[in-house]
Every structure is written in structure tokens, then in C-alpha cells.
Amino acid sequence: MITILQLKSIMPNAGSRAVTYLPLLNQFMAKYAITGRMRECHFLAQIAHESGELRYTKELASGREYEGRRDLGNVKAGDGVRYKGRGLIQITGRNNYTRISRSTGVDFVNNPQLLELPRWAVMSACWYWSEHGLNQLADKDALTAITRKINGGTNGLQERLKYLARAKKVIKE
């Protein structure tokens with residue numbers, strides 16, 4: 001279980017959002033086996049970067065750059081904007097929205113904005129983490145590999161490293 005002091009030490013700019021997100025993080029991290037020091041540290045470091053310390057559950061860009069991206073399943077006009085990044089790990093693309101909907105039984109395809117709500121923002125991040133085998137990479141302390149699975153590259157690697165160092169400092173076995 002992550003404490004409020006740990007969360008605020010890792011994400012000092014989270015403010016009152018930390019209080020909202022903490023019980024959800026503890027609930028869904030446990031459900032998706034994001035437990036143990038390395039898994040918790042890596043997960044929190046990644047969501048800190050991806051969400052701007054729990055500030056954003058919707059990608060700031062319009063999503064137009066995803067228009068027509070068949071690799072994301074965006075095959076219908078408007079899919080890029082409709083299925084832009086949402087949640088604490090920024091689930092992106094019709095394919096991912098379809099997969100998480102099938103997996104959880106919640107219709108995110110027809111209601112993509114649900115992923116902006118705290119409960120679903122946290123759950124979707126934990127689901128994505130689990131679906132992409134990131135617990136195993138966290139166990140190996142493989143920050144770059146985790147970042148590539150989440151981001152498709154190494155965008156923000158130094159910031160993710162900073163958050164990881166903070167997490168390792170405050171989360172003990």
C-alpha cells in the first residue's frame with residue numbers, strides 16, 4: 001500500500017489530487033499485481049510523467065496526429081481525435097479502447113471520456129501495465145524498456161528517471 005506521504009514525495013505537485021487518486025491507486029495496483037517495491041516505483045514514476053503528476057487524464061494535443069493511424073486501429077474519420085490519449089498512461093487509439101472495453105466490460109469505445117475520470121484513469125493505467133507485461137520489466141529495473149512500451153520511444157526518459165529515483169527513495173520493501 002502506497003501512503004499519501006510517499007505519493008506526495010514522488011509527485012510533489014500533485015496537491016489535493018493525491019488524496020483523490022491514492023485509494024484508487026492502491027485498489028487497482030493490487031488488483032493488477034503492481035505490488036512490491038520495484039513494480040510500485042516504476043509504475044508511479046511512469047504515471048507521474050504521463051499524467052503531469054496526476055494533473056492530466058486527457059492528452060493535451062488534439063489527437064489529429066493519430067488520424068488514419070492503422071497501427072492504432074484509427075480507421076474511421078475522427079478516430080484520431082476521438083481516441084486520443086486518456087487515463088494516467090494515456091490509452092491511445094481505437095484498438096486500445098476496444099481491447100480495454102472487452103477486457104473490463106466498460107464501453108470506452110462509445111464513451112471514451114470515461115477514461116478521464118479518476119477511477120477509470122487509474123484502472124486503465126493498471127490494465128495497460130498488466131497487458132503489456134510491465135511488471136516483469138519493472139522486476140528487472142528496466143526503465144528504458146518500460147518507457148518504450150508506454151511511449152513508443154524514449155520521450156521524457158530523464159524526467160521518468162527523476163521520478164523513479166524519488167520513488168526508490170521513499171518506497172522501501
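The values are calculated or read from the model by the stated rules, or taken from the named source; none is laboratory data. This structure is a prediction, so every number in the text was calculated from the model and none was measured. Glycine gets a Cβ as well: all are built from the backbone with ideal geometry, and neighbour counts include every protein chain shown. Surface areas here come from the heavy atoms of the whole protein model, side chains and all, with no ligands, DNA or RNA. Shrake-Rupley method; radii C 1.70, N 1.55, O 1.52, S 1.80 Å.
At a glance:
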{"read-out": "Of all accessible heavy-atom area on the chain, the percent that carbon and sulfur account for (1.4 Å)", "value": "51 percent"}
{"read-out": "Cα-based reach from Lys76 at 27 Å (exclusive), listing lysines while leaving out same-chain residues under 8 positions away", "value": "Lys58, Lys84, Lys149"}
{"read-out": "Intensity falloff of the chain expressed as log10 I(q)/I(0), Debye formula with alpha-carbon point scatterers, at q = 0.14, 0.16, 0.17 Å⁻¹", "value": "-0.68, -0.89, -1.00"}
{"read-out": "GNM top mover of Asp79, Asp139, Asp71 - the chain, alpha-carbon springs below 10 Å", "value": "Asp71"}
{"read-out": "Heavy-atom SASA rank of Ser62, Ser124 (probe 1.4 Å, accessible area, largest first)", "value": "Ser62, Ser124"}
{"read-out": "Heavy-atom accessible area order for Val170, Val75, largest first, 1.4 Å probe", "value": "Val75, Val170"}
{"read-out": "Highest-MSF residue in the chain out of Gln136, Gln27, Gln158 [GNM, Cα springs under 10 Å]", "value": "Gln158"}
{"read-out": "Dipole of region 99-173, positive direction: furthest Cα of Leu164, Thr104, Thr154, with charges on the beta-carbon", "value": "Leu164"}
{"read-out": "Extent along principal axes [Cα atoms of region 1-62; Å; largest to smallest]", "value": "35, 22, 17"}
{"read-out": "Where the chain is the region considered: accessible area per residue in Å², 1.4 Å probe", "value": "47 Å²"}
{"read-out": "Trypsin sites (Lys or Arg not before Pro), loop per DSSP, at most 14 other Cβ atoms within 10 Å - longest free stretch of the chain", "value": "77-139"}
{"read-out": "Three-way shape call for region 52-115 based on the alpha-carbon gyration tensor, with the a/c threshold at 1.5", "value": "oblate"}
